[in-house]
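See below for the structure under consideration.
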Amino acid sequence: MLIDAHHHLWRIARNDYGWLTPDTGFLYRDYEPSDLKPILDAHGIERAVVIQAAPTLAETHFLLSLSDEHPYLGAVVGWVDFSARNTPEQLDGLSNHPRFRGVRPMIQDIADDGWMLRAELNETFVALTERNLSFDALIQPRHLRSLIELVERHPLLRIAINHCGKPEVRDWRAGDASFNAWQAGMAELARHPNVFCKLSALPTRSAPDWTAATFEAYVDVLMTAFGDARLMWASDWPILERNGRYEDWLRVARRLVPESAHASVFGAAAQSFYRIV
């Protein structure tokens, strides 16, 4: 089963996205299941994981309702208020839905780089672990140390690092301090068997006119660190279209991932992590 492990759907009129304004250009329109399904069908992709794009509980319910109407949306990753006292009870209610799999706080938009380590959030991380729900970590390289500490605090929490940890992609050269720091942080996180990683967003982190060679060093790091069983390909559509096309990113990823690992990276890893049927 081929799976796209990360994409977004939204309706502008819902008006809770915040970041989505007319300044975002072509992204400032509705993106519906009917827009995505033909793309998936063209590439034989049977399931897709839809990820929250607004920091509201209403967003979670909206995505769950879409999954009711469109069974190819095999898993939903929503949002909850990590600091609210009733979040464990909210998670219990959401877990009654057959496709609710976890949550994603929008960490990259939070000013405090150590936000995830705040004491008042600990109960929510414990609640996620106890309910076998996942935590999608939307981080940038500046968050790596905090995420490493979080993993050490919660060794059974199921974590999916979004977008390769969002390194700034450029032509790598030996001695590149930012690349080396990212590599070290990802390797440290990968030592923990509960941590998975999404092979996504490299195009939008790079300059235009990227090629397979642009991403080769980054994919090598991730394959070495996570192996095929814990690395899952994703499109990050429609954000991807800021600097690439779905078919081009899929083609390049297939070229860079060893053929022996295709079944896992392009399907089985996501199926296992998100318990997709």
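Please treat every number below as a calculation from the coordinates, not as lab data. What you are looking at is a predicted structure, and each value in this text was computed from that prediction instead of being measured. Counting neighbours? That spans all protein chains shown, and the Cβs are built from the backbone with ideal geometry, glycine included.
Computed values, structure above
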item: Residue within segment 232-241 that is surrounded by 22 or more Cβ atoms within 10 Å (Cβ to Cβ) and among the small types (G, A, S) present; result: yes
item: Considering residues of segment 122-163 that are within 18 Å of A269 (Cβ to Cβ) and small (G, A, S) only, the residue surrounded by the most Cβ atoms within 10 Å (Cβ to Cβ); result: A160
item: Every pair of residues 6+ apart whose Cβ atoms lie under 7 Å, when the first sits in segment 50-76 and is closer than 21 Å to K198 by Cα while the second is among the basic types (K, R) and buried (at least 23 other Cβ atoms within 10 Å of the Cβ); result: A75/R101; V76/R101
item: Set L222, L231: member being within 19 Å of V252 (Cβ to Cβ) and under 13 Å from the mean Cα position of the chain (by Cα); result: L231
item: Subset of segment 168-219 [more than 20 Å from the chain's Cα centre (by Cα) and under 24 Å from H8 (Cβ atoms)]; result: A207, P208, W210, T214
item: Every residue from segment 216-247 that is touching a strand residue (DSSP E or B) at 6+ places or on another chain (Cβ under 9 Å), within 28 Å of F26 (Cα to Cα) and not small (G, A, S); result: M232, W233, D236, W237, P238, I239, L240, Y246
item: Per-region count, segment 64-108, residues of a type in the set (G, A, S) and surrounded by 17 or more Cβ atoms within 10 Å (Cβ to Cβ); result: 5
item: Of all residues in segment 222-262 being of a type outside the set (A, V, I, L, M), assigned to a loop (DSSP other than H, G, I, E, B) and touching a Ser or Thr at 6+ places or on another chain (Cβ under 6 Å), the one that is nearest to D41 (Cα to Cα); result: D236
item: Residue that is surrounded by the fewest Cβ atoms within 10 Å (Cβ to Cβ), among those in segment 247-277 that are under 18 Å from the mean Cα position of the chain (by Cα) and either farther than 20 Å from V77 by Cβ or without any contact (Cβ under 8 Å) to a residue 60 or more places away in the chain (or both); result: S272
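Matching residues to (1) touching a helix residue (DSSP H, G or I) at 6+ places or on another chain (Cβ under 9 Å); (2) more than 21 Å from A187 (Cα to Cα):
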| position | (1), (2) |
| --- | --- |
| D109 | no, yes |
| A119 | no, yes |
| E123 | yes, yes |
| L128 | yes, yes |
| S134 | yes, no |
| S146 | yes, no |
| E152 | no, no |
| R158 | yes, no |
